[in-house]
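The values are calculated or read from the model by the stated rules, or taken from the named source; none is laboratory data. Since this is a predicted model, take the numbers as computed values, not measurements. So basically every Cβ, Gly included, is an ideal-geometry build from the backbone, and we count neighbours across all protein chains shown.
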């Protein structure tokens, strides 16, 4: 399975503002934070539980959660799933799945 470093995916034009990404406990664990194609609900629950455990001890968790909320990110960021961000009022730009039907 190929892993991608999260900071490589999300660093924008202002790299200094995203320095916190280099400190994330999730580095090298992309497979836990983003779903595979056709992921089953039970697999998603297990994956997100593992991601949440990693986020719980992360020193940049709040910065990560704020980034995901502000930039309408997909995946699991800062201890929050897409569904949790959506329920908190942070909408995805192009919602998919259940969210698309509920909007």
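When the range 49-79 is limited to residues that are in a loop (DSSP other than H, G, I, E, B) and on the phi < 0 side of the Ramachandran plot, the one that is surrounded by the fewest Cβ atoms within 10 Å (Cβ to Cβ) turns out to be 57. Name the single residue, out of those in the range 80-103 being modelled with pLDDT under 75 and assigned to a loop (DSSP other than H, G, I, E, B), that is farthest from the chain's Cα centre (by Cα). Restricting to residues being modelled with pLDDT under 75 and assigned to a loop (DSSP other than H, G, I, E, B), the top hit is 103. Where residues in the range 34-48 are free of Cβ contacts under 8 Å to residues at least 40 places away in the same chain and not in a helix (DSSP H, G or I), which of them is surrounded by the fewest Cβ atoms within 10 Å (Cβ to Cβ)? Per the criteria, the residue is 37.
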